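Here's the structure, in structure tokens; my notes come after.
The values are calculated or read from the model by the stated rules, or taken from the named source; none is laboratory data. It should be emphasised that the depicted structure is a prediction, and the values quoted were computed from it without experimental measurement. Neighbour counts are summed over all protein chains in view; Cβ atoms, including those assigned to glycine, are modelled from backbone coordinates with ideal geometry.
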Amino acid sequence: MSDSLSTLQSSIERLSTNEKFDNAEARRTFLDFRSALTCGEIRAAEKVAGRWVVNAWVKQGILLGFRLGELKEMSDGDVLSFVDKDTFPARRLTLADRIRLVPGGSSIREGAYVAPSVICMPPMFINVGAYVDEGSMIDSHALVGSCAQIGKRVHVSAAAQIGGVLEPVNAAPVVIEDDVLIGGNCGVYEGTLVRAHAVLGAGTILTRSTPLYDLVRGEVYRASGERPLEVPENAVVVPGSRAVKKGKGAEWDLSLYTPVIVKYRDEKTERGIELEDWLR
């Protein structure tokens, strides 16, 4: 980390723990912080030696922005108007950003990093603190929540939700690594880590309390302690169910939802998703 970013971190940590401070100074510091966040110079979590590490001070800075913000009426011509904290307005993109934002009601908040070559289909929303890397597509009605980390060449399909988290500040965000396909109507929440090249079939839901059954390797993956639920690299996950074997559940022949790994990516899987390259 550069000296300027180290100084910024110290200032954010100091302001976040003080009940009283100079509002003008705090706003100047916050605007520097928001600019670094929007440019991708800092991020809520980053991979260090193969392990994802949370940068709690970045979340502190975002929360400071909400603390400093005042409600303001905002508009985009005569078509769109809304009221929000003035510290987190919607981003205004230019050709220099090299982000393809298709018309139709999409919004990216200031403080979200969206890399050049990302495609945003209408209407989608990317919240503050999120990080969306090169070549990814955020499809129609998709949500990328606060501080969620999206890798390179990821397709977040229509109506998929990538959950966000701001508090507690040390909580891990959802992380989607490179070359992952998130199918339509999927939900990935509560710090779940989806490793590179995985495929989530349409309708798959992943949470901290969701066990993931691996039919190929004969294992069951669960979150534990500070460790999130983790989807292995190259795994192909689809919605499944498991029988309830106790009490009324067994009597009524009920089943509970569970995600299931049915295979790992192969040539057939690659053919099924190769169309993605043509859309970029």
Restricting attention to the range 246-254, does a residue exist that is part of a strand (DSSP E or B) and in the same structural domain as Ala172 (by TED's automatic domain parsing)? no
Per the filter on the range 208-221, residues farther than 13 Å from Val194 by Cα and assigned to a loop (DSSP other than H, G, I, E, B) are Ser209, Thr210, Pro211, Leu215, Val216, Arg217, Gly218
What number of residues within the range 223-244 are polar (S, T, N, Q) and free of Cβ contacts under 8 Å to residues at least 24 places away in the same chain? 2
Being in a loop (DSSP other than H, G, I, E, B) and of a type in the set (A, V, I, L, M) is the filter here, so list the residues in the range 163-192 that pass it. Val165, Leu166, Val169, Ala171, Ala172, Val174, Val180
Criterion (touching a residue at least 60 places away in the same chain (Cβ under 8 Å), more than 22 Å from Asn127 (Cα to Cα), in the same structural domain as Gln149 (by TED's automatic domain parsing) and over 15 Å from the mean Cα position of the chain (by Cα)) met by exactly one of Val220, Val199: Val199
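Conditions tested, residue by residue: (1) under 28 Å from Arg51 (Cα atoms); (2) touching a Pro at 6+ places or on another chain (Cβ under 8 Å); (3) at pLDDT 95 or above; (4) not hydroxyl-bearing (Ser, Thr, Tyr).
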| residue | (1), (2), (3), (4) |
| --- | --- |
| Thr207 | yes, no, yes, no |
| Leu212 | yes, yes, yes, yes |
| Leu215 | yes, no, yes, yes |
| Gly218 | yes, no, yes, yes |
| Tyr221 | yes, yes, yes, no |
| Ser224 | yes, no, no, no |
| Gly240 | no, yes, yes, yes |
Qualifying residue in the range 236-254 (condition: basic (Lys, Arg) and in contact with a His (Cβ under 8 Å, 6 or more places away or on another chain)): no
Of residues in the range 7-57 being of a type in the set (S, T, N, Q) and at pLDDT below 95, the one nearest to Tyr113 (Cα to Cα): Ser16
The range 132-162, residues that are in a loop (DSSP other than H, G, I, E, B) and β-branched (Val, Ile, Thr): Val154
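To keep it simple, each residue is scored yes or no on (1) over 20 Å from Glu177 (Cβ atoms); (2) at pLDDT 95 or above; (3) touching a helix residue (DSSP H, G or I) at 6+ places or on another chain (Cβ under 8 Å); (4) of a type in the set (Lys, Arg).
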| site | (1), (2), (3), (4) |
| --- | --- |
| Thr87 | yes, yes, yes, no |
| Arg98 | yes, yes, no, yes |
| Glu110 | yes, yes, yes, no |
| Val114 | no, yes, yes, no |
| Gly129 | no, yes, yes, no |
| Ile150 | no, yes, no, no |
| Gln161 | no, yes, no, no |
When you go through Leu275, Leu279, Leu254 one by one, which is the residue that is over 16 Å from the mean Cα position of the chain (by Cα), exposed (fewer than 15 other Cβ atoms within 10 Å of the Cβ) and at pLDDT 95 or above? Leu254
